[in-house]
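Asks: Below is the structure I would like to discuss, written out as structure tokens.
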Amino acid sequence: MAKNELAPKAARIMNITRETSDTKTFTLVFTNPADQDAFNYRPGQFVEISVLGVGEAPISITSSPSRKGFLELSIKRVGQLTETIHALSPGSIVGIRGPYGNGFPFEDVNGDNILFVAGGIGLAPLRSLINYVFDNRRDYGDVKILYGSRNSGELVFTGELDRWSGMPETEVLVTVDRGDEYWQGNVGLVTTLIPRIKLTPESYSAFVCGPPVMIPFVIKDLLKLGFREDKIISTLENYMKCGVGKCGHCLLGGKYICMEGPVFKYSQMKDLGFG
Ligand SMILES: Cc1cc2nc3c(=O)[nH]c(=O)nc-3n(C[C@H](O)[C@H](O)[C@H](O)COP(=O)(O)OP(=O)(O)OC[C@H]3O[C@@H](n4cnc5c(N)ncnc54)[C@H](O)[C@@H]3O)c2cc1C
Ligand code: FES
């Protein structure tokens, strides 16, 4: 009988880390070791995660392919499926299809200095690439990471942000839109961090990921600084639904964003009518 490529594969939740009040990171391992071995992905790709009888959703892979034997997904609780997943415990089984999408073009930026700009849960897909870059450190130059969230309680991967800031040739700046009594750091949108970093734009590639409202402002500031259009790379996830070229929801400029994206260079995003 022909194999159904769209059939989800069973994966067990091995660990759950609470990132914030509404975001958890799930470590998954396929129950069939052959499925785990066959699961090869690129930073920036996503999977469809499902719970039987509830539904499925596209979620970016946040682990790095340079760390083998498991898969991590950071999931924000926003509706029925994500609430159900948040209520699961280690040992529970979920379905996984994928990986889907094109992923980040990390081969194209080999030798470049790298700037990462993330907002909110947008750090999840970038975390995959950040850890990939650190695991292949000699292939890349300086690393700068700018991260912003609405308030200090919504910052994800705080332990890792601290660890990254201690890495050689690496600078990490974090900000929150609104300060509070627990927050001693920067206050302001993530774009307020851009003038604070010293860089030579011609030697940098930038990866930008965050809420749809953030992305055009960040891109505008990077262009103003002198970044090349093909060296600004971002994601267009907000246009998607099924994630696998079936529903047509993501059609933009004649392209299926879920199949040819979600990652695009700004030079390509302009052709799709973005910005
Ligand atoms: C390629 C891709 C990667 C994604 N990666 C992640 C990730 O790493 N972590 C994560 O937490 N979420 C991610 N999302 C969003 C995630 O798919 C939705 O939050 C999820 O489908 C909501 O399902 P639900 O049944 O819980 O909520 P629903 O009941 O379907 O929706 C609840 C609320 O969330 C909004 N919502 C639903 N889908 C989306 C969406 N695609 N984008 C923005 N808002 C949405 C709805 O408008 C509604 O207000 C990603 C989406 C895409 C397309
Ligand atoms: S999201 Fe359904 S076709 Fe692309």
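The values are calculated or read from the model by the stated rules, or taken from the named source; none is laboratory data. Computed from a predicted model, the values in this text were never measured in an experiment. Note that we place each Cβ from the backbone using ideal geometry, even for glycine, and neighbour counts take in every protein chain shown. Side chains are part of the model used for accessible areas, which takes the heavy atoms of the whole protein and leaves out ligands, DNA and RNA. Shrake-Rupley method; radii C 1.70, N 1.55, O 1.52, S 1.80 Å.
Asks: How big is the antiparallel share of DSSP beta bridges in the chain, given as a percent to the nearest 5? Walk me through the numbers on the way to the answer.
Replies: Working: 32 of 56 bridges.
Here the share of antiparallel DSSP bridges comes out near 55 percent.
Asks: Right, something else. Quick check for me: using +1 on Lys/Arg Cβ and -1 on Asp/Glu Cβ, what's the dipole size of segment 9-100 about its Cα centre, in debye to the nearest 20?
Replies: 160 debye
Asks: Something else about it: What shape does segment 1-154 have by the C-alpha gyration tensor, where a ≥ b ≥ c are the square roots of the eigenvalues, rounded means a/c under 1.5, and otherwise prolate means a/b greater than b/c and oblate the rest? Write down the numbers at each step before the final one.
Replies: Numbers: a/c = 2.12, a/b = 1.29, b/c = 1.64.
Oblate is the answer for segment 1-154, as a/c is 1.5 or above yet b/c matches or exceeds a/b.
Asks: For segment 166-217, which chymotrypsin sites (Phe, Trp or Tyr not before Pro) pass both filters: DSSP loop (anything but H, G, I, E, B) and at most 11 other C-beta atoms within 10 Å? Numbers along the way, then the final one.
Replies: Details: sites: 182, 183, 204, 207, 217; in loops: 182, 183.
Of the chymotrypsin sites (Phe, Trp or Tyr not before Pro), the ones in loops of segment 166-217 whose Cβ has at most 11 other Cβ atoms within 10 Å are 182.
Asks: Follow-up. Taking 8 Å as the Cα distance limit and 6 or more residues as the minimum spacing, I'd like the relative contact order of the chain as a percentage. Show your work: numbers first, answer last.
Replies: Working: 557 pairs, mean separation 46.7, N = 275.
It rounds to 17 percent for the chain.
Asks: Then there is this: How large is the accessible surface per residue of segment 59-132, computed with a 1.4 Å probe and reported in Å² as a whole number?
Replies: Value for segment 59-132: 32 Å² per residue.
Asks: Something else: Give me the mean projected area, in nm² to one decimal, of the convex hull enclosing the Cα positions of segment 106-235.
Replies: That works out to 7.2 nm².
Asks: Return the calculated 222 nm mean residue ellipticity for the chain, to the nearest 500 deg cm²/dmol, obtained by summing -39500 (n - 2.57) across DSSP H runs with n ≥ 4 and dividing by the residue count.
Replies: Mean residue ellipticity, 222 nm, calculated: -5500 deg cm²/dmol.
Asks: While we're looking at this one, here's another question. In the chain, with Lys and Arg counted as +1 and Asp and Glu as -1 at Cβ, which of these residues, 132, 268, 191, has the Cα nearest the positive end of the dipole, that is, farthest along it?
Replies: Working it through, the farthest residue towards the positive pole turns out to be 268.
Asks: Hey, another quick one. What are the ³J(HN,Hα) values, in whole Hz, obtained from phi via the Karplus relation 6.51 cos²θ - 1.76 cosθ + 1.60 with θ = phi - 60°, for each residue of segment 150-163 in sequence order, with x given for Gly and Pro?
Replies: Each residue of segment 150-163 in turn: 5, 8, 5, x, 9, 6, 9, 6, 5, x, 6, 4, 5, 5 Hz.
Asks: In addition: Can you give the longest stretch of the chain with no exposed loop site, where a site means GluC sites (Glu not before Pro) in a DSSP loop (not H, G, I, E or B) with at most 13 other C-beta atoms within 10 Å? Each step should come with its number before you reach the end.
Replies: Working: sites that count: 5, 169, 181.
The segment 6-168 is the longest one with no such site.
Asks: Separate question: If I model a spin label as a point 7 Å beyond the Cα along the Cα-Cβ vector, how far apart are those points for residue 54 and residue 249 in nm?
Replies: Reported label-point gap for residue 54 and residue 249 is 1.8 nm.
Asks: What pairs in 68/198; 24/198; 9/241; 76/198; 198/255 have C-alpha atoms more than 31 Å from each other?
Replies: Beyond 31 Å between Cα atoms: 68/198; 24/198; 76/198; 198/255.
Asks: Any idea how far apart residue 151 and residue 139 come out in nm if each label point goes 7 Å out from Cα toward Cβ?
Replies: About 4.1 nm, to one decimal.
Asks: Taking Rh as the Kirkwood radius, which is the inverse of the mean 1/r over Cα pairs, what is the Rg/Rh value for the chain?
Replies: Computed over Cα atoms, the ratio is 0.95.
Asks: Using the Cα atoms as the points, what is the convex hull volume per residue of segment 9-100 in Å³? Present the calculation step by step, with values, prior to reporting the outcome.
Replies: Numbers: hull volume 8.0 nm³, N = 92.
Hull volume over Cα atoms, normalised by residue count, gives 87 Å³.
Asks: Under a plain spin-label model, where a point goes 7 Å from the Cα along Cα-to-Cβ, how far apart in nm are residue 163 and residue 228?
Replies: 3.3 nm
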